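The values are calculated or read from the model by the stated rules, or taken from the named source; none is laboratory data. Just so it is clear, the structure is predicted and the values come from calculations on it, not from any experiment. Heads up, the Cβs are rebuilt from the backbone with ideal geometry, glycines too, and the neighbour counts pull from every protein chain shown.
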Amino acid sequence: MKLEEIQAIAEAVLYEGYLLYPYRHSALKNRQRWTYGVVYPRLYSEAGGEVEPWRLQTECLLEAGAGAEPRLSIAVRFLQLMRCRREDAQSRGAQAIEGPREGAPIWEEAPFEGVWEEGIERSVSATALSLRELLQAERRLPFAFPARYLEEEEPASRATSGSRRIVREGRTLSGEVSILAEAVPEREGLFKLRVTIANTTAVEAPEALRAQEALLSACVSTHIILQVEGGAFVSLIEPPEELRQVAASCRNSGTWPVLVGEPGERDGLLSSPIILYDYPQIAPESPAPLFDGTEIDELLALRILTLTDEEKEQIRRGDARGRAVLEQIERLTPEQWLQLHGTIRGLRSLGEAEP
């Protein structure tokens with residue numbers, strides 16, 4: 001399968017839940033959109049008894065091709081959150097005169113209208129990794145992303161007078177990806193591959209840190225794309241009978257590895273924070289990037305249309321991705337709605353012995 005096609009599926013995973021239901025600050029429930037594949041800072045996790053994870057682990061099986069030396073490519077992808085706020089000239093002036101309280105986050109001080117989080121796509125990758133070298137030593141890929149502060153002017157609209165400023169702030173984020181392989185003694189040419197993602201970001205007073213603030217130092221929607229040349233991955237969902245026991249020994253924490261590509265291909269694997277079947281696909285009738293895997297696109301689209309004008313305005317005044325989804329749903333044609341309704345993915349004949 002081409003990398004672009006794998007990334008289209010991974011994109012749905014990356015933004016899973018981004019606008020489900022959809023999330024709004026005024027909602028009575030489902031206010032928190034960031035719930036999948038979250039890797040918190042280790043210090044924060046340990047201070048809370050490791051209830052929230054600071055590492056994710058994927059284990060999968062790899063068969064070496066006859067006479068070939070397998071080479072692997074890996075991409076670990078996640079979102080890094082930025083806290084955003086919208087403020088006008090009056091609120092900026094008040095903040096400049098009074099100043100923020102010492103030690104308080106700037107977004108808790110300014111008397112602004114609208115606060116939200118946006119995700120920045122991050123990736124840690126390596127190519128042409130030799131299986132032989134991974135058998136000899138663990139490969140470590142440290143990563144570090146610096147703090148960011150961005151300002152931009154928002155043009156005045158009919159509803160507002162004067163220009164507004166959007167401020168985006170992000171904290172530092174650091175961690176490490178490690179890859180290790182080991183031979184499976186019971187079967188020649190079979191190997192177990194282990195990938196671990198750990199968040200090593202330093203945070204102050206972790207025992208007092210609130211979950212919402214810890215998210216700003218977390219990896220969100222974390223998932224792994226693996227590709228191999230000269231080998232083939234083994235399905236952990238439907239392994240061959242002779243490999244069922246060793247497949248069951250694979251330990252996956254916070255991730256779910258599945259084969260990707262056309263049915264029968266085994267050179268690509270996606271380890272996802274949400275449960276998928278082997279060979280997931282993006283449905284062609286999906287008209288907008290709702291990022292739910294397309295299984296409930298019609299329900300989500302209808303739910304968006306039931307929002308009040310005030311709720312829709314909240315989305316429009318939030319991040320650009322949410323605004324784009326709202327506008328796409330509002331522009332759906334009757335023909336596109338029909339395509340969403342009652343779609344059958346596939347049929348097969350039942351044998352006489354099957355119920």
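Some observations on this one:
- Residue under evaluation residue 303, criteria (1) at pLDDT 75 or above; (2) outside any loop (DSSP other than H, G, I, E, B); (3) not β-branched (Val, Ile, Thr), criterion not met: (1)
- For region 246-273, a residue qualifies if it is under 30 Å from residue 54 (Cβ atoms) and surrounded by fewer than 21 Cβ atoms within 10 Å (Cβ to Cβ), and the qualifying residues are 246, 247, 248, 249, 250, 251, 252, 253, 254, 256.
- Residue-level check: of (1) within 22 Å of the chain's Cα centre (by Cα); (2) farther than 18 Å from residue 76 by Cα, residue 270 misses just (2).
- For region 148-201, residues that are surrounded by fewer than 17 Cβ atoms within 10 Å (Cβ to Cβ), outside any strand (DSSP E or B) and at pLDDT 95 or above total 3.
- Of all residues in region 51-68, those satisfying the criterion of being part of a loop (DSSP other than H, G, I, E, B) and closer than 13 Å to residue 198 by Cα are 52, 53, 54.
- Being surrounded by 19 or more Cβ atoms within 10 Å (Cβ to Cβ), over 30 Å from residue 245 (Cβ atoms) and not small (Gly, Ala, Ser) holds for only one residue in 43, 72, and it is 43.
- Considering region 203-245, and only residues there that are touching a strand residue (DSSP E or B) at 6+ places or on another chain (Cβ under 7 Å) and part of a loop (DSSP other than H, G, I, E, B), the residue that is surrounded by the fewest Cβ atoms within 10 Å (Cβ to Cβ) turns out to be 237.
- For region 69-122, a tally of residues being assigned to a loop (DSSP other than H, G, I, E, B) and modelled with pLDDT of 50 or more returns 3.
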